[in-house]
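One structure is given below, encoded as structure tokens.
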Amino acid sequence: MDPDVELVRRVRRGELDAYGELIERHRDVVHRVVGRIVGAQDADDLTQDAFLRAFHKLAGFRGDAPFRSWLLRVAHNTALNALARKRPEPVAEPPEPSAGNGPLTPADALEARERRERLERKLVGLSPAHRSVLVLREIEGLSYEEIAEITDTPIGSVKARLHRARNELADMLRHNTYDWGVPS
């Protein structure tokens, strides 16, 4: 049973604080997905817009799929609509801790940040459909079924787009192999 279904029921009964709980649960993933599609500059505004649109469309949530998938579909469509109006910019994230026991050295943190920024610039070069499936699968770790639901695309098309997106990204990275080490 999807734990969000009860919160959705409460929102439909007029309990707006329940929608606040839904926002708290899903804000980070919605922000990441939207941000990686449209860029950092518009991510905050479009995350708010996605939650507002979801609130107004809540009556259309049937519960056939998890609420998270339904919400990400609304967020995905919101981001694609915004992308059609504006060119995206890369999303920068803080350095992640190293695989070892301590934080990254300043030099390693700088290198990791630069690599992420270059990757984000390459992601922007992908078509919106390819960027969407790549972000949802490789960064958010969603299943093919969830991606198909979110993007309103058949699973076969999701797999094909993902394959093409990976190949397209690998080709882009090969032209910048001084630090990626992508095989030919």
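Within segment 4-19, is there a residue that is among the charged types (D, E, K, R), under 18 Å from E149 (Cβ atoms), buried (at least 20 other Cβ atoms within 10 Å of the Cβ) and over 13 Å from the mean Cα position of the chain (by Cα)? Spell out how you get there, then give the answer.
Looking only at segment 4-19, we keep the residues that are among the charged types (D, E, K, R), and these are 4, 6, 9-10, 12-13, 15, 17.
With under 18 Å from E149 (Cβ atoms) added as a condition, the list becomes 4.
Narrowing the set further to residues that are buried (at least 20 other Cβ atoms within 10 Å of the Cβ) leaves 4.
Filter once more, so that each one left must be over 13 Å from the mean Cα position of the chain (by Cα): 4.
Yes: segment 4-19 contains one or more residues that are among the charged types (D, E, K, R), under 18 Å from E149 (Cβ atoms), buried (at least 20 other Cβ atoms within 10 Å of the Cβ) and over 13 Å from the mean Cα position of the chain (by Cα).
What pairs come out if I take residues in segment 7-23 that are under 16 Å from W70 (Cβ atoms) and pair them with residues that are among the acidic types (D, E) and in a helix (DSSP H, G or I) whose C-beta lies under 8 Å away, six or more apart or interchain?
These pairs meet every condition: L7/E21; L22/D4.
Condition (residue is among the charged types (D, E, K, R) and part of a loop (DSSP other than H, G, I, E, B)) applied to segment 17-32: is it met by at least one residue?
no
Step by step: first the residues of segment 116-157, then only those that are in a helix (DSSP H, G or I) and β-branched (V, I, T), then the one that is farthest from I37 (Cα to Cα). Which residue is that? Full working, then the answer.
The first filter runs over segment 116-157 and keeps only residues in a helix (DSSP H, G or I), leaving 116-124, 128-139, 144-151, 155-157.
When the remaining residues are screened for being β-branched (V, I, T), the result is 124, 133, 135, 139, 147, 150-151, 155.
Values: V124: 8, V133: 10, V135: 8, I139: 12, I147: 14, I150: 14, T151: 13, I155: 20 Å.
The qualifying residue farthest from I37 (Cα to Cα) is I155.
Tell me which residues, restricted to segment 52-62, are in contact with a Phe, Trp or Tyr (Cβ under 9 Å, 6 or more places away or on another chain) and either of a type in the set (D, E) or closer than 14 Å to R10 by Cα (or both).
Matches in segment 52-62: F55, L58, F61.
Across segment 36-64, what is the total count of residues that are in a loop (DSSP other than H, G, I, E, B) and at pLDDT below 85?
We begin by selecting, within segment 36-64, every residue in a loop (DSSP other than H, G, I, E, B); these are 39, 57, 61-64.
So of that shortlist, the ones also at pLDDT below 85 come out as 39, 63-64.
Adding up the residues that qualify gives 3.
The values are calculated or read from the model by the stated rules, or taken from the named source; none is laboratory data. In this text the structure is predicted, and so the values were computed from the model without any measurement. So basically every Cβ, Gly included, is an ideal-geometry build from the backbone, and we count neighbours across all protein chains shown.
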